[in-house]
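Taking it in order: structure first as structure tokens, then the write-up.
Here, each number is a calculation from the coordinates, and none is a lab measurement. Bear in mind the structure is a predicted one, so any value in this text is a computation, not a measurement. Cβ placement follows ideal geometry from the backbone for every residue including glycine, while neighbour counts extend to all protein chains displayed.
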Amino acid sequence: MRIGIVNNSPLATEALRRALTLVPEHQLAWTARNGVEAVERCGTDRPDLLLMDLIMPYLDGVEATRRIMAHTPCAILVVTADVETSAPRVFAAMGQGALDAVDSPLLGSGDLLAGAQPLLAKINAISKLVGEGTHARRAGSPVASHRLVVIGASAGGPAALAAILGGLPRNFSAAIVIIQHVDARFAPGLADWLRQHCALSVRIAGEGDRPVSGEVLIAGRDDHLVFKSKDQLGYTDKPVEHAYRPSVDVFMHSAARYWAGPVVGVLLTGMGSDGAKGLKALRNAGHHTIAQDRETSAVYGMPKAAAAIAAAVDILPLDQIAPRLIELFVSVRSSREPAT
């Protein structure tokens with residue numbers, strides 16, 4: 001991969017440059033000291049991947065990400081000193097299209113290879129997504145819901161998820177499970193952040209959890225979240241070949257296989273094609289499916305792949321997805337579950 005580095009710290013830039021030399025397949029395209037330079041360089045020499053810092057002079061990483069994804073989209077990995085303490089800015093960058101986030105490796109901290117492994121692992125996963133050819137953009141819980149919304153998202157997903165969840169009422173009559181491409185270490189922060197944007201309960205899905213109406217469960221490990229029975233969730237390391245864990249495809253296929261009630265599958269903004277085949281499986285099983293449209297997607301990769309194989313019944317702008325979900329489940333309640 002041709003990789004650009006955007007960082008105003010010479011020491012951090014050198015650490016990233018040295019890390020890239022550890023993998024012969026990676027080539028340093030160029031470096032930029034701030035967001036303004038990054039936007040300009042992408043306009044003349046777009047790389048396969050950008051390693052984007054967050055806090056920089058003139059133009060920070062969030063705004064630089066927004067401008068790049070709007071005009072010269074490419075994969076963007078946020079690389080910052082401490083992802084956890086920078087969570088609000090990281091979510092903002094992901095909302096503009098950044099794909100993931102990782103701590104920057106440090107020079108003089110011992111074995112460079114060991115210190116660079118988290119970064120190189122993220123780059124490897126993203127290289128597989130880029131390779132797909134889409135540069136376009138608990139046991140004992142309350143009684144499980146009979147209605148389910150499954151949402152898959154990647155780059156640009158946090159902001160899209162906040163918009164959808166924020167449009168749903170506290171008494172929304174379906175359970176919601178979200179598969180967002182995000183590091184397990186980062187998932188609790190995502191849950192906290194989404195909780196601030198909606199009236200629903202939001203938490204990380206645990207082994208043995210059952211989806212409950214009005215509650216949002218988020219995949220929160222570096223394994224795949226799946227249904228292990230007709231209403232119980234769990235994690236598995238198989239299949240192993242998916243570029244991102246958790247996988248939207250894997251979860252949607254398990255929902256199509258196990259869930260007995262009505263399902264609405266939703267595929268949002270993201271790079272690659274994860275979720276397209278899973279959305280198709282849900283449609284083939286007789287469930288309603290929705291893909292985000294091109295115009296409102298920060299990265300029109302995953303929903304584009306779904307549209308290409310006719311996996312989506314509806315292709316909708318972001319602001320119409322929550323109203324459609326409400327409409328669909330009012331219809332389900334009135335037509336399938338008459339009052340007794």
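Can you compute the equivalent ellipsoid semi-axes for region 171-215, i.e. the square root of 5 times each eigenvalue of the Cα gyration tensor, sorted largest first and rounded to whole Å? Mind showing how you got there, number by number?
Numbers: eigenvalues 65, 39, 13 Å².
The equivalent ellipsoid of region 171-215 has semi-axes of 18, 14, 8 Å.
Would you kindly give the portion of the calculated P(r) for region 148-336 that falls above 27 Å, as a percent of all Cα pairs? Each step should come with its number before you reach the end.
On the way: 2713 of 17766 pairs.
I get 15 percent for the Cα pairs in region 148-336 exceeding 27 Å.
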Subtracting the Cα-Cα distance of residue 229 and residue 327 from 0.36 nm times their residue separation yields 32.5 nm
Expressed in angstrom and rounded, the centroid-to-centroid distance over alpha carbons for region 41-106 and region 283-321 is 25
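Once R0 is set to 25 Å, what does the formula 1/(1 + (r/R0)^6) return for the Cβ-Cβ distance between residue 11 and residue 103, expressed as a FRET efficiency to the nearest 0.05?
Working: r = 14 Å, r/R0 = 0.58.
The computed FRET efficiency comes out at 0.95.
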For region 1-44, the convex hull over Cα atoms projects on average to an area in nm² of 2.8
Proxy exposure order for 111, 319 (fewest C-beta within 10 Å first) is 111, 319
Two pseudo-spin positions, 7 Å from Cα along C-beta at residue 309 and at residue 121, lie apart in nanometres by 2.8
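Can you pull out the chymotrypsin sites (Phe, Trp or Tyr not before Pro) in region 1-107 that DSSP calls coil and that have at most 16 other Cβ atoms within 10 Å? Mind showing how you got there, number by number?
Numbers: sites: 30, 58, 91; in loops: 58.
Listed in order of number, the matching sites are 58.
Report, in listed order, any pair from 230/304; 238/277; 230/277 with a Cα-Cα distance greater than 25 Å. If you can, show how the numbers build up before the last one.
Values: 230/304 30 Å; 238/277 17 Å; 230/277 21 Å.
Exceeds cut-off: 230/304.
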So, with points 7 Å from each Cα along the Cβ direction, the residue 257-residue 171 label distance in nm works out to 3.7
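Out of all DSSP beta bridges in the chain, what portion is antiparallel? Express it as a percent rounded to 5.
Details: 4 of 47 bridges.
For the chain, the DSSP antiparallel bridge percentage is about 10.
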Here the residues of region 77-96 lying in the modelled label zone of residue 128, meaning backbone nitrogen under 13 Å from a point 7 Å along Cα-to-Cβ, are none
Computed Rg/Rh for the chain (Cα atoms; Rh = Kirkwood radius) stands at 0.99
Expected sort for 264-274, 96-106 on mean C-beta neighbours within 10 Å, highest first, is 264-274, 96-106
Under the 7 Å Cα-to-Cβ spin-label approximation, residue 113 and residue 184 lie apart by a distance in nanometres of 2.4
Region 2-130, Kirkwood Rh and Cα Rg, ratio Rg/Rh at 0.92
